1. Among the residues that make up segment 190-205, is at least one of them touching a strand residue (DSSP E or B) at 6+ places or on another chain (Cβ under 7 Å), crowded, with 23+ Cβ neighbours inside 10 Å, part of a loop (DSSP other than H, G, I, E, B) and of a type outside the set (Ser, Thr, Tyr)?
2. From the residues in segment 162-175 that are assigned to a helix (DSSP H, G or I) and not hydroxyl-bearing (Ser, Thr, Tyr), which one is surrounded by the most Cβ atoms within 10 Å (Cβ to Cβ)?
3. Just a yes or no: is a residue in segment 120-139 surrounded by fewer than 17 Cβ atoms within 10 Å (Cβ to Cβ), under 26 Å from LEU226 (Cα atoms) and within 20 Å of the chain's Cα centre (by Cα)?
4. Mind listing whichever residues of segment 170-223 are touching a helix residue (DSSP H, G or I) at 6+ places or on another chain (Cβ under 8 Å) and among the β-branched types (Val, Ile, Thr)?
5. Give me a count of the residues in segment 68-90 that are assigned to a helix (DSSP H, G or I) and either of a type outside the set (D, E, K, R) or touching a residue at least 60 places away in the same chain (Cβ under 8 Å) (or both).
6. Do you know which residues across segment 104-128 are in a loop (DSSP other than H, G, I, E, B) and at pLDDT 95 or above?
7. I'm checking my understanding of the structure. Among residues of segment 206-230 that are of a type in the set (A, V, I, L, M, F, W, C) and at pLDDT 90 or above, which one is surrounded by the most Cβ atoms within 10 Å (Cβ to Cβ)?
8. Provide a single number: the residues in segment 176-189 that are within 18 Å of PRO128 (Cα to Cα) and open to solvent by less than 30 Å² (accessible area, probe 1.4 Å).
Amino acid sequence: MSSDPAASDLGGGADRFAVGEVVRLGGFPVLSTTQAAFANELFAARARGEQRQVFFANTNFIVQCQPLRARFDAPGVRIVNDGIGMDLAARWLHGRRFAGNLNGTDLIPYLCRHASRPLRFFLLGGKPGVAEAAARALREQHGQIVVGVCDGYAGRREAGDALPALIEDSGADVLLVAFGNPLQEQWILDHAPRLRTPLVFGVGALLDFLSGNARRAPQWVRRFHLEWLYRLAHEPRRLLKRYSWDLLVFFRTCHARRHE
């Protein structure tokens, strides 16, 4: 049995892409993997001194990051699937589903639990105070080290090399960038190649969840892949367009770029 809860929830069988297989979806190279297998890859890359820029592709990512898609084919970039919409599109276009389902809210705590020693985090993003609260959670609840924080407003105001230099000087192992799509992807693609930080993640709302500023859906809701509905019920004004019109745009985009 898989040690990856997401993979276990989705079941197994021949209708799945193999672990390690790259699936083209919406013009992006999306890695089919499980939480355990992907964590092992990240730890191995870090041990070799290789950088990994990690992006979690949900339906919003596919729609919002279209202008950037040519830049995601770089060797150190990894895109993994996040959410039932990605599975449905893969099944529709390719006849198979992904090996598992990954998101930063689950993967980052998993990395904390399985790292051989505490990781050194730099947190970038969120409203003022959110990154600090998330840092406390990483220290107190997950036993990690936080070497720097910068809220999203200050981070986007920083000009030139000031912010990358601050991150570089911190000696971080892990950089979490939480600007939302597509700003976090743009920032990482622009700046991460000049950093020695081994693991760089675009994490969306993770800092809000870590800080307690936002609540995750109960486990049974996540098990049935209905977390999107839970979030929509709690933030209808912000998320209604994403889960209605943007969802249609997502499937249209995937179909239009099915051969790319």
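1. yes
2. The selected residue is ILE167.
3. No, segment 120-139 has no match at all.
4. VAL174, VAL177, THR197, VAL200, VAL203, VAL221
5. Qualifying residue count, segment 68-90: 11.
6. Once the filter is applied, which keeps residues that are in a loop (DSSP other than H, G, I, E, B) and at pLDDT 95 or above, segment 104-128 yields ALA115, SER116, ARG117, PRO118, LEU119.
7. It comes out as LEU207.
8. 6
The values are calculated or read from the model by the stated rules, or taken from the named source; none is laboratory data. On a predicted model such as this, the values are computed, not experimentally measured, just so you know. Neighbour counts are summed over all protein chains in view; Cβ atoms, including those assigned to glycine, are modelled from backbone coordinates with ideal geometry. The accessibility values were calculated without ligands, DNA or RNA, using every heavy atom of the protein model including side chains. Shrake-Rupley method; radii C 1.70, N 1.55, O 1.52, S 1.80 Å.
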